[in-house]
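Student: Submitted below is the structure of interest, expressed as structure tokens.
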Amino acid sequence: MEEKSISFGRYVQETSVNYTTISYNDLTKDSKPQSKISLRGIDIYNLIKPYISVRFMDQVSALLPLVVYLILFQLFVLQQSIADALPITGGMIAVVLGLMFFMEGIKQGLMPLGEMMGNTLPKKIALFWVLFIAFLLGVAVTFAEPAIGALKAAGSLVPYL
């Protein structure tokens, strides 16, 4: 009996499941325009729930230690009960939602801009100017930080300063 040689690729092609390649254009050439998709409220909820819940829980986990600390401090150190717990809880939820939207805005808006600047600027100008611009941006961001303004306002209320 005579032995025949066959390449492994040809062997796999012949022994595997046969399939036919079909062009997407062949599938869609007779298709009619689709009508607008309408989603029910529950469908929208199911679509955005995984996206929103992760971001919400990230902010809850960031804020929770501070909230627990403040509650314990008020109860055990100041020895006062927490008055108006419902508005405080509503405020904490508002803080979590605000942080969630703020972080999303940073990720979608400012981070790509900063990345583009960081990739492009060193290619266009000398290292000295890159460092100078980075210094100026750092100073500007420090003065633009809202917490700095809040600290100035709070500091002006402190007696003896």
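Coordinate-derived values only; no laboratory data. Keep in mind that this is a model prediction, so the values were computed, not measured. Cβ placement follows ideal geometry from the backbone for every residue including glycine, while neighbour counts extend to all protein chains displayed.
Student: Over its Cα atoms, what ratio of radius of gyration to 2.2 N^0.38 Å does the stretch 44-135 give?
Tutor: Relative to the 2.2 N^0.38 Å estimate, the stretch 44-135 comes out at 1.68.
Student: Once phi is turned into ³J(HN,Hα) by the Karplus curve 6.51 cos²θ - 1.76 cosθ + 1.60 with θ = phi - 60°, what whole-Hz value does each residue of the stretch 104-117 show in order, with x for glycine and proline?
Tutor: Residue by residue, the stretch 104-117 yields 5, x, 4, 5, 8, x, 6, 4, x, 5, x, 5, 5, 5 Hz.
Student: Now, a different point. With a 10 Å cut-off between alpha carbons and a GNM built on the chain, which of E145, E104, E115 moves the most?
Tutor: E145
Student: Shifting gears a bit: If every alpha-carbon in the chain counts as one equal scatterer, what log10 I(q)/I(0) does Debye give at q = 0.11, 0.16, 0.18 1/Å?
Tutor: These q points yield log10 I(q)/I(0) values of -0.90, -1.19, -1.28.
Student: State to the nearest 20 debye the size of the charge dipole of the chain about its Cα centre, where the only charges are +1 on K and R beta carbons and -1 on D and E beta carbons. Don't skip to the end; give the middle numbers.
Tutor: Values: 12 positive and 11 negative charges, 82 e Å.
In total the dipole reaches around 400 debye.
Student: From Cα pairs below 8 angstrom and at least 6 apart in sequence, can you work out the relative contact order of the chain, rounded to a whole percent?
Tutor: Worked out over the chain, it gives 15 percent.
Student: If you don't mind, there's one more thing I want to ask. As I understand it, the dipole of the stretch 7-73 uses +1 on the Cβ of Lys and Arg and -1 on the Cβ of Asp and Glu, about the Cα centre. Which of Q34, S23, Q59 lies farthest toward its positive end?
Tutor: The residue sitting farthest along the positive end of the dipole is Q34.
Student: Among the lysines, select those whose C-alpha is under 16 Å from the C-alpha of K123, and discard any that sit fewer than 8 residues away in the same chain.
Tutor: Answer for K123, where 16 Å is the Cα cut-off: none of the lysines qualify.
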